[in-house]
1. Could you list, in sequence order, all residues of the range 397-413 that are buried (at least 21 other Cβ atoms within 10 Å of the Cβ) and in a strand (DSSP E or B)?
2. Scanning the range 534-548 for residues that are buried (at least 22 other Cβ atoms within 10 Å of the Cβ) and part of a strand (DSSP E or B), which turns out nearest to the chain's Cα centre (by Cα)?
3. Residue 632 is checked against (1) within 28 Å of the chain's Cα centre (by Cα); (2) surrounded by fewer than 20 Cβ atoms within 10 Å (Cβ to Cβ) and fails just one. What number does that condition carry?
4. Consider residue 513 against the criteria (1) in contact with a helix residue (DSSP H, G or I) (Cβ under 8 Å, 6 or more places away or on another chain); (2) in the same structural domain as residue 646 (by TED's automatic domain parsing); (3) farther than 17 Å from residue 388 by Cα: it satisfies all of them except one. Which criterion is unmet?
5. Read through the list (1) touching a helix residue (DSSP H, G or I) at 6+ places or on another chain (Cβ under 7 Å); (2) without any contact (Cβ under 8 Å) to a residue 60 or more places away in the chain, then give the number of the only condition that residue 280 fails.
6. Just for the range 593-617: of the residues that are touching a strand residue (DSSP E or B) at 6+ places or on another chain (Cβ under 7 Å) and part of a loop (DSSP other than H, G, I, E, B), which one is nearest to residue 28 (Cα to Cα)?
7. Across the range 547-569, what is the total count of residues that are over 18 Å from residue 514 (Cα atoms) and in contact with a strand residue (DSSP E or B) (Cβ under 8 Å, 6 or more places away or on another chain)?
8. Out of curiosity, is residue 574 closer than 25 Å to residue 699 by Cα, touching a strand residue (DSSP E or B) at 6+ places or on another chain (Cβ under 6 Å) and surrounded by 20 or more Cβ atoms within 10 Å (Cβ to Cβ)?
């Protein structure tokens, strides 16, 4: 992590502090694409097609270090149900369902008879007889409760003058009940590898600072799908909950022999919880059927992980259905007020002083095996692989023992499609900082030179490649937890990336007509065609705000001449997308290509003062490459916010392969597009008469229409400007959609 020094001259630091900030996220895009379809009920207000799960019961010891996700998943399909029961809304007096088309009225209905006497119309009503007293059970909750209810025909009859034998039937609109049905499915859970009944807390490897092992459960104001529990406002309440499965303690009768232990951290890479926020633990009493809070900690600034050791002493807990749960209290409006949980353990034959977490573990996944970047274009690496393997690959491990432990060599193994291609030995003394042994309860950051030996195999074909990285490091523990292996991926595509694909915070830059630029060094000269940017909502929604995508040359380490800037009549718009590694691809206007070589900068010119809020990866700090300007680019200031702004420059070769564009020179053919502007359909004609189809792109470069015909329907597109690319041609034609 780099050091930051601020020289206080007048009000300059105050001004800069107003220019750039880091803000909490309003949502968790890593989760937002994962809401399963089976949670969408067939109709609202009914339990139809839902599952009721019966959980299994665990035995001691109970242990979760969150190195793996042990949250119970509820993904059973209808054909996997153990049983099912169908319920009908309307039953007769004996419990037999009424016919499927039955409709009844809860209020009396009638026949109205009209008569005329000397030009005056009068009527009399005759109330219909009761159909019967039937049973009605509403299907909004399970189990269904049926009540005997008197009902009437669901219609009125108007017997009008002159049409005595042809009365009008008017169906009742209010107070009617129709026959309906709902099917409840049942499934028994039998999976002792899953320890928790819910997943509202967030299992992750990125939000905690120096956890004792890889993986934590994070508590904040977002639900299990990454959305705020409450949109808008500033209310606080209980938010996430993490509930254990039932644990059988019935064979334990000795008080002060069972302890619940865990570690917690405030804030981490998230937001500091206020003093009024807290993390609490509650125990379930199977005898009284009540939850009781037995411990809590208030919010505050970040600290190292702290241990808690709670005795289970009430004999009522020594039951086959004992449970415990963690809950956080804080803001419900976003990714706020963070607490992180690790190393949860319940075991017998314990005692008050038994707080040892004896483990040798990885703290974070292994970093990139490339110099500087987490990803580069595969064709760039293939052409210039010499010297590109990382000479400072980071490995972070921790000795959780209270004793020194003997260090041993580790290993990084690289696999391709499941086959080992190469490996690097991690010297034992490098892993332990040059010492003979790992010191007790110590975290070690080590950096390893991978520049010699294996190089990613450049003979692999294609424009994208993925390699798997397996890293192990051990200590000769006995009777210990084993977390001595971690897994990661090296991905090559058509862009350069510093970030790991996940944002913990948002970077906020304020200034009308301000410029923001991220510096990169290309492995080879090539054509730049745009940028992938991960914008993320915070307390301010910037979706739809305008900016001009911009490229600058390098000027001794800061942005220099402008190589490209979007036409100000056709700017880009901030868009949000959700899920791991979800970026919006913004291509240059008219699919223009901008030649770059060596060092260059890419970013934007924003029009308004309000920030656009781009994702900030807090696990990797490349802030030395980020600059901003408030005076039209006449001078630039290096960012003081630690982390990596999530901007990725896109190069042309991979895009050509995806679009079917040949690099060879194609004879120019003149095309005519009409009508233009249009609101419905377009036709493309060529001077040589050969039109093999066309593709229509929006100004973000996203394909919105594709056809192999010379006509295309664009009536469904929003009004605006689009680019039409004829098949087998690199030309583009601007289309205005009314």
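1. Of everything in the range 397-413, those that are buried (at least 21 other Cβ atoms within 10 Å of the Cβ) and in a strand (DSSP E or B) turn out to be 397, 398, 399, 405, 410, 412.
2. 535
3. Every condition holds for residue 632 apart from (1).
4. Only one criterion in (1) in contact with a helix residue (DSSP H, G or I) (Cβ under 8 Å, 6 or more places away or on another chain); (2) in the same structural domain as residue 646 (by TED's automatic domain parsing); (3) farther than 17 Å from residue 388 by Cα is unmet by residue 513, namely (1).
5. Looking at each condition in turn, residue 280 falls short on (1).
6. So, considering only residues that are touching a strand residue (DSSP E or B) at 6+ places or on another chain (Cβ under 7 Å) and part of a loop (DSSP other than H, G, I, E, B), the one nearest to residue 28 (Cα to Cα) is 613.
7. Matching residues across the range 547-569 total 3.
8. So residue 574 fits the description; yes.
The values are calculated or read from the model by the stated rules, or taken from the named source; none is laboratory data. Just so we're clear, the structure is a prediction, and the values are computed from it rather than from any experiment. Neighbour counts are summed over all protein chains in view; Cβ atoms, including those assigned to glycine, are modelled from backbone coordinates with ideal geometry.
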